[in-house]
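S.K.: Supplied in structure tokens, the structure appears directly below.
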Number of protein chains: 2
Amino acid sequence: MKTCINPTPQQWAALCQRPQIAAENLEELTRQVFTEIQRNGDVAVAKYTGIFDGIVPNSLALTAAEIAAGAQRTPAELQAAIQLAKANIEKFHTAQIEQKQIIETTPGVACWRESRGIERVGIYIPGGSAPLFSTVLMLAIPAQIAGCKEIILCTPPDKQGNINPAILYAAQLTGITAVYRVGGIQAIGALAIGTQSIPKVDKIFGPGNQYVTAAKQTALNYGVAIDLPAGPSELLVIADDTANPEYVAADLLSQAEHGPDSQVILLSNSEVIVANTLKAIDKQVKALPRKEIALKALQNSKAIVLGTLAECLDFSNAYAPEHLILNCRDAEKYGDKITNAGSVFLGNYSCESAGDYASGTNHTLPTNGYARSYSGVSVDSFIKKITFQKISKEGLQAIGPAIEAMAAAEQLQAHKNAVSIRLKDLKNV
Amino acid sequence: MKTCINPTPQQWAALCQRPQIAAENLEELTRQVFTEIQRNGDVAVAKYTGIFDGIVPNSLALTAAEIAAGAQRTPAELQAAIQLAKANIEKFHTAQIEQKQIIETTPGVACWRESRGIERVGIYIPGGSAPLFSTVLMLAIPAQIAGCKEIILCTPPDKQGNINPAILYAAQLTGITAVYRVGGIQAIGALAIGTQSIPKVDKIFGPGNQYVTAAKQTALNYGVAIDLPAGPSELLVIADDTANPEYVAADLLSQAEHGPDSQVILLSNSEVIVANTLKAIDKQVKALPRKEIALKALQNSKAIVLGTLAECLDFSNAYAPEHLILNCRDAEKYGDKITNAGSVFLGNYSCESAGDYASGTNHTLPTNGYARSYSGVSVDSFIKKITFQKISKEGLQAIGPAIEAMAAAEQLQAHKNAVSIRLKDLKNV
């Protein structure tokens, strides 16, 4: 972790840079897989599952019995933990439902919005070493609250064609309507296009490696929406002299272990806290099973000393972190100063892991500076808000002349006519 | 307008198709302009303004005096109309601000969301024959309500370098912070990259031709967000025997005059209404200044008779129209049945023009079937919702063990440690 003492404001832009990822150009590969899926459906999906995952499954869909049998193998203690997390996520996300509110903008002109769940959504859960069942909760729970009718899960099988029990348990608990043992580009392609077994969805959610990311970009060309632009995970901690360096170190490492391209930033107005945190990191990292990954991520990472907490907050807003921990005295009072961040954790006991799993907030968040313009996933991500209006005769008489004047000035005569023809009748009554 | 009586459900998918637009591949051109702007800034922007708009302006930015002088030339009657529209749009959109709501998901675990305006937004207003000042209102008013700090407007100049007075009047009225006489690809490129005069923005809004659409796609690669995927405008009307065919015809024509690639759909359970509406269209279209455009759009358009209103609603949901007029008896009672639409107009007096200009709802809406997964523009489009959490010692003791179990099962030991290190201290107290 590089340390940087009192950088000038001119140096901030460079310090806010994310590590450049030498992304392979995967456009051609994704286009090829998508084209084959368009032509051959399930056969193409099975073929690429053979190539990329080393197994050609007998069937892409899991039966209800397979899901139930798999889910049952989740240890009881983990089941209880998942249930606790579910209850909190559900409670927080349920409050996001917008109540219908009819606004009479002019007497006789009633306008309102109504929320509708996106009918079919696809959730992608990566395979690999760790089964990300927590992401099933973070995506399926808001989908269910939003009223999505079909919530379809795709995740790559292991070499025996099996899916991790905890993923199936989480799926069962959260109203997932179908599970497919399909991963990678072919999963995203199937969800974007539709095959004999896998229905075309309206929106695709979920994390993934560079193949999945490229495939989600390609899916946009097929009229399917996606959750968020992808990027490596990141954490920024602002710590003052009340912070416990061991806690700060543990938090930074919890982010660093995600991947070699993760980035963590420590900001402080205290050189002592920075020095002690770096010492604690050196000590703690040694005991981690994912030590090699964390060490690589720390190479991209920076500890920065600034004159005041106010400057730390300015820097953080310029960086726009996915996760921001304010580990300082009276952390709440700085909340208003935060303009760009995905999710904010206040105080010594609000560790990022809490939001990753069980406090109730969502862990699918904007990375790579996208917190400047995007929100994290919420119930909003699974709904459309449709505007409605009901205009009475009196209402149209009140606003009609303004519409006529504006339409005429925009040289849209037929727009004007639609009002004039009605106003004329009303005058004649 | 093609008429289709009682199509079978198998024919619906074809009837829901939008006209295919033979889009030029503009990727290379947009990439070239963006690259030059990156290299030469304002000089490149001025150069392309010369090439595409036939004028090299003395300065890209309008001064406050130029804006005020231009705005003043807006006729008084039009100023009053714009003010009425502004008041209604403001009233409707102000109600969209979400109140902060703290949810205690577990005792000691407080979670909430706070909205922040996206700091810098760019609004693009096309030039050409008609000055779309109404779109200034539809984008700048929610931006201002959202609390965006900089709201930047780009619009192409005429051959004398001037901007239409009504656009400047609307800009002045709605808190636009800067106006640039720049259009097309070079405007979007400047907003995405930033130049000496034009600041880089976080999100770009607004309609445009295929050049602007292609440039907005390219802007996504520069880390800038955009409002909505683009597509030609469209209207679907469901009319029963209580509808006035003259009104229905006027509404369909108001959409058809937008562009030759617009599409209008009439659905009815009454052959008589369809026949009378088609007659009224033939009569009304003759008097339109944009008759040629409307006639071309009508070639892409369909009048469809179905057995019942329920079937009409099913068809409409399958089509997912940008605008939907329910011109039928007790229109309100069908509102719940609508699952996919951008904006809905209920009854004989709720014409689409009302929503286009002055009722208060937004007119920037999802086209081309995107109403299945996207909402129209609202205050939501100009904000990010940041999640916050504050966890007490007791809170962490309550949810900590669940986090530890889940992190361990996902093989993320450092995530677990961040909790364990704190719980251990709390046990020792």
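S.K.: Would you call A:Leu288 free of Cβ contacts under 8 Å to residues at least 40 places away in the same chain, closer than 25 Å to A:Thr367 by Cβ and in a loop (DSSP other than H, G, I, E, B)?
M.R.: Working: free of Cβ contacts under 8 Å to residues at least 40 places away in the same chain: yes; closer than 25 Å to A:Thr367 by Cβ: yes; in a loop (DSSP other than H, G, I, E, B): yes.
Taking the combined requirement at face value, the residue satisfies it.
S.K.: Among the residues of segment B:330-341, what is the count of those that are at the interface with chain A (Cβ under 7 Å from one of its Cβ atoms) and either of a type in the set (A, V, I, L, M, F, W, C) or in contact with a Gly (Cβ under 9 Å, 6 or more places away or on another chain) (or both)? First the steps, then the outcome.
M.R.: As a first pass, look at segment B:330-341 and keep what is at the interface with chain A (Cβ under 7 Å from one of its Cβ atoms): B:332, B:335, B:338-339, B:341.
After this cut, where a residue has to be either of a type in the set (A, V, I, L, M, F, W, C) or in contact with a Gly (Cβ under 9 Å, 6 or more places away or on another chain) (or both) as well, the list is B:332, B:338-339, B:341.
Looking only at that region, the number is 4.
S.K.: Is it fair to say A:Ala130 is open to solvent by 10 Å² or more (accessible area, probe 1.4 Å), modelled with pLDDT under 95, closer than 30 Å to B:Val109 by Cα and aliphatic (A, V, I, L, M)?
M.R.: Numbers: open to solvent by 10 Å² or more (accessible area, probe 1.4 Å): yes; modelled with pLDDT under 95: yes; closer than 30 Å to B:Val109 by Cα: yes; aliphatic (A, V, I, L, M): yes.
So A:Ala130 passes the test.
S.K.: The conditions are (1) farther than 18 Å from B:Pro126 by Cα; (2) among the small types (Gly, Ala, Ser); (3) touching a Ser or Thr at 6+ places or on another chain (Cβ under 6 Å), and B:Ser270 fails exactly one of them. Which is it?
M.R.: (3)
S.K.: Collect the residues in segment A:381-394 that are at the interface with another protein chain (Cβ under 7 Å from one of its Cβ atoms) and either of a type outside the set (S, T, N, Q) or open to solvent by less than 10 Å² (accessible area, probe 1.4 Å) (or both), keeping them in residue-number order. Quick ask: steps written out before the conclusion?
M.R.: Taking segment A:381-394 first, the residues at the interface with another protein chain (Cβ under 7 Å from one of its Cβ atoms) are A:384-393.
If the condition is that a residue be at the interface with another protein chain (Cβ under 7 Å from one of its Cβ atoms) and either of a type outside the set (S, T, N, Q) or open to solvent by less than 10 Å² (accessible area, probe 1.4 Å) (or both), then A:Lys384, A:Lys385, A:Ile386, A:Phe388, A:Gln389, A:Lys390, A:Ile391, A:Lys393 are the ones that fit.
S.K.: When A:Arg181 is evaluated against the numbered criteria (1) within 29 Å of B:Asp336 (Cβ to Cβ); (2) away from chain B (no Cβ under 13 Å), which criterion, by number, is the only one it fails?
M.R.: (1)
S.K.: Further, regarding this structure: Within segment A:53-89, how many residues turn out to be under 24 Å from A:Gln144 (Cα atoms), among the β-branched types (Val, Ile, Thr) and free of Cβ contacts under 8 Å to residues at least 24 places away in the same chain?
M.R.: 1
S.K.: Take segment B:374-422 and flag every residue that is of a type in the set (A, V, I, L, M) and without any contact (Cβ under 8 Å) to a residue 12 or more places away in the chain. Show your work before the answer.
M.R.: Residues of segment B:374-422 of a type in the set (A, V, I, L, M): B:377, B:379, B:383, B:386, B:391, B:396, B:398-399, B:402-403, B:405-409, B:412, B:414, B:418-419, B:421.
Scanning segment B:374-422 gives B:Ala402, B:Ala405, B:Met406, B:Ala408, B:Ala409, B:Leu412, B:Ala414, B:Ala418, B:Ile421.
S.K.: Restricting to segment B:413-423, and then to whatever is of a type outside the set (D, E, K, R) and open to solvent by 10 Å² or more (accessible area, probe 1.4 Å), can you tell me which residue is farthest from the other protein chains (Cβ to nearest Cβ)? Spell out how you get there, then give the answer.
M.R.: Just the residues of segment B:413-423 that are of a type outside the set (D, E, K, R), to begin with: B:413-415, B:417-421, B:423.
Still in the running and open to solvent by 10 Å² or more (accessible area, probe 1.4 Å): B:413, B:417, B:420-421, B:423.
On the way: B:Gln413: 5, B:Asn417: 5, B:Ser420: 8, B:Ile421: 5, B:Leu423: 10 Å.
Looking at residues that are of a type outside the set (D, E, K, R) and open to solvent by 10 Å² or more (accessible area, probe 1.4 Å), I get B:Leu423.
S.K.: Filter segment A:241-273 for residues that are away from every other protein chain (no Cβ under 14 Å) and open to solvent by less than 30 Å² (accessible area, probe 1.4 Å) and give the result.
M.R.: A:Gln263, A:Ile265, A:Leu266, A:Leu267, A:Ser268, A:Ser270, A:Ile273
S.K.: Is it true that A:Asn348 is open to solvent by 10 Å² or more (accessible area, probe 1.4 Å), more than 7 Å from chain B (Cβ to nearest Cβ) and not hydroxyl-bearing (Ser, Thr, Tyr)?
M.R.: Values: open to solvent by 10 Å² or more (accessible area, probe 1.4 Å): yes; more than 7 Å from chain B (Cβ to nearest Cβ): yes; not hydroxyl-bearing (Ser, Thr, Tyr): yes.
Criteria met by A:Asn348.
S.K.: Do you know which residues across segment A:126-166 are assigned to a loop (DSSP other than H, G, I, E, B), closer than 23 Å to A:Lys91 by Cβ and touching a helix residue (DSSP H, G or I) at 6+ places or on another chain (Cβ under 7 Å)?
M.R.: Across segment A:126-166, the qualifying residue is only A:Cys148.
S.K.: Just to check your reading of the model, which residue among B:Lys296, B:Lys279, B:Lys291 is open to solvent by 10 Å² or more (accessible area, probe 1.4 Å), out of contact with any Phe, Trp or Tyr (no Cβ under 6 Å at 6 or more places or on another chain), within 12 Å of chain A (Cβ to nearest Cβ) and of a type in the set (D, E, K, R)?
M.R.: Numbers: B:Lys296 fails: within 12 Å of chain A (Cβ to nearest Cβ); B:Lys279 fails: within 12 Å of chain A (Cβ to nearest Cβ).
It is B:Lys291.
S.K.: For segment B:193-217, which positions are over 12 Å from B:Arg31 (Cα atoms), open to solvent by less than 30 Å² (accessible area, probe 1.4 Å) and of a type in the set (Gly, Ala, Ser)?
M.R.: B:Gly194, B:Gly206
S.K.: Now for a separate question. Which one is surrounded by the fewest Cβ atoms within 10 Å (Cβ to Cβ), of the residues in segment B:302-331 that are under 21 Å from the mean Cα position of the chain (by Cα) and of a type outside the set (A, V, I, L, M)? Steps first, answer last, please.
M.R.: Looking only at segment B:302-331, we keep the residues that are under 21 Å from the mean Cα position of the chain (by Cα), and these are B:316-325.
Narrowing further to those that are of a type outside the set (A, V, I, L, M): B:316-317, B:319, B:321-323.
On the way: B:Ser316: 25, B:Asn317: 19, B:Tyr319: 25, B:Pro321: 30, B:Glu322: 28, B:His323: 25.
So the residue we want is B:Asn317.
S.K.: Now for a different question. Select from segment B:219-240 the residues that are surrounded by fewer than 21 Cβ atoms within 10 Å (Cβ to Cβ) and polar (S, T, N, Q) and list them in ascending order.
M.R.: Correct list: B:Asn221 only.
S.K.: Residue by residue through segment B:49-75, note down the ones that are farther than 14 Å from B:Thr177 by Cα, open to solvent by 40 Å² or more (accessible area, probe 1.4 Å) and assigned to a helix (DSSP H, G or I).
M.R.: Initial filter on segment B:49-75 (farther than 14 Å from B:Thr177 by Cα): B:49-60, B:69-75.
Then keep just the ones that are open to solvent by 40 Å² or more (accessible area, probe 1.4 Å); that gives B:51-52, B:54, B:56, B:58-59, B:69, B:72-73, B:75.
Scanning segment B:49-75 gives B:Ile51, B:Phe52, B:Ala69, B:Gln72.
S.K.: Could you say whether any residue in segment B:95-104 is in the same structural domain as B:Leu191 (by TED's automatic domain parsing) and either closer than 25 Å to B:Tyr169 by Cβ or under 17 Å from the mean Cα position of the chain (by Cα) (or both)?
M.R.: Looking through segment B:95-104, at least one residue is in the same structural domain as B:Leu191 (by TED's automatic domain parsing) and either closer than 25 Å to B:Tyr169 by Cβ or under 17 Å from the mean Cα position of the chain (by Cα) (or both).
S.K.: With respect to A:Ala110, is the statement that it is surrounded by fewer than 21 Cβ atoms within 10 Å (Cβ to Cβ), modelled with pLDDT of 95 or more and either among the hydrophobic types (A, V, I, L, M, F, W, C) or under 25 Å from B:Gln96 (Cβ atoms) (or both) true?
M.R.: The answer is no for A:Ala110.
S.K.: Answer yes or no as to whether B:Tyr370 is open to solvent by 20 Å² or more (accessible area, probe 1.4 Å), at the interface with another protein chain (Cβ under 8 Å from one of its Cβ atoms), aromatic (Phe, Trp, Tyr) and free of Cβ contacts under 8 Å to residues at least 24 places away in the same chain.
M.R.: Working: open to solvent by 20 Å² or more (accessible area, probe 1.4 Å): yes; at the interface with another protein chain (Cβ under 8 Å from one of its Cβ atoms): yes; aromatic (Phe, Trp, Tyr): yes; free of Cβ contacts under 8 Å to residues at least 24 places away in the same chain: no.
No; evaluated as a whole, the condition is false for this residue.
S.K.: Would you mind stating whether A:Asp380 is more than 30 Å from B:Leu220 (Cα to Cα) and of a type in the set (Asp, Glu)? Please lay out each step first, then the result.
M.R.: Working: more than 30 Å from B:Leu220 (Cα to Cα): no; of a type in the set (Asp, Glu): yes.
Against the criterion (more than 30 Å from B:Leu220 (Cα to Cα) and of a type in the set (Asp, Glu)), A:Asp380 does not qualify.
S.K.: May I pose another question? Looking at segment A:1-48, which of its residues are exposed (fewer than 13 other Cβ atoms within 10 Å of the Cβ), closer than 17 Å to A:Thr218 by Cβ and at pLDDT below 95?
M.R.: A:Ala23, A:Glu24, A:Asn25, A:Glu27, A:Glu28, listed by residue number.
S.K.: So if I check each of A:Arg290, A:Arg329, A:Arg372, which one is in contact with a His (Cβ under 9 Å, 6 or more places away or on another chain) and charged (D, E, K, R)? Quick ask: steps written out before the conclusion?
M.R.: Details: A:Arg329 fails: in contact with a His (Cβ under 9 Å, 6 or more places away or on another chain); A:Arg372 fails: in contact with a His (Cβ under 9 Å, 6 or more places away or on another chain).
It is A:Arg290.
S.K.: Take segment A:113-125 and flag every residue that is open to solvent by 30 Å² or more (accessible area, probe 1.4 Å) and in a loop (DSSP other than H, G, I, E, B).
M.R.: A:Glu119
S.K.: Select from segment B:83-96 the residues that are facing chain A (nearest Cβ under 7 Å) and assigned to a helix (DSSP H, G or I) and write down the one among them that is surrounded by the fewest Cβ atoms within 10 Å (Cβ to Cβ). Full working, then the answer.
M.R.: If we filter segment B:83-96 for residues that are facing chain A (nearest Cβ under 7 Å), which is where we start, we get B:84-85, B:88, B:91-92, B:95.
Filter once more, keeping what is assigned to a helix (DSSP H, G or I): B:84-85, B:88, B:91-92.
Working: B:Leu84: 21, B:Ala85: 28, B:Asn88: 26, B:Lys91: 16, B:Phe92: 27.
Filtering segment B:83-96 for residues that are facing chain A (nearest Cβ under 7 Å) and assigned to a helix (DSSP H, G or I), the one surrounded by the fewest Cβ atoms within 10 Å (Cβ to Cβ) comes out as B:Lys91.
S.K.: Could you tell me whether any residue of segment B:213-224 is of a type in the set (A, V, I, L, M), touching a residue at least 60 places away in the same chain (Cβ under 8 Å) and either over 23 Å from A:Tyr222 (Cβ atoms) or in contact with a Phe, Trp or Tyr (Cβ under 7 Å, 6 or more places away or on another chain) (or both)?
M.R.: No.
S.K.: For the structure I just gave you, tell me whether B:Leu78 is part of a helix (DSSP H, G or I) and touching a strand residue (DSSP E or B) at 6+ places or on another chain (Cβ under 8 Å). Give the steps one after another, and end with the answer.
M.R.: On the way: part of a helix (DSSP H, G or I): yes; touching a strand residue (DSSP E or B) at 6+ places or on another chain (Cβ under 8 Å): no.
The answer is no for B:Leu78.
The values are calculated or read from the model by the stated rules, or taken from the named source; none is laboratory data. Worth saying up front: this structure is predicted, and the values here are computed from it rather than measured. A quick note on method: Cβ atoms are made from the backbone with ideal geometry, for glycine too, and the neighbour counts reach across all protein chains shown. The accessibility values were calculated without ligands, DNA or RNA, using every heavy atom of the protein model including side chains. Shrake-Rupley method; radii C 1.70, N 1.55, O 1.52, S 1.80 Å.
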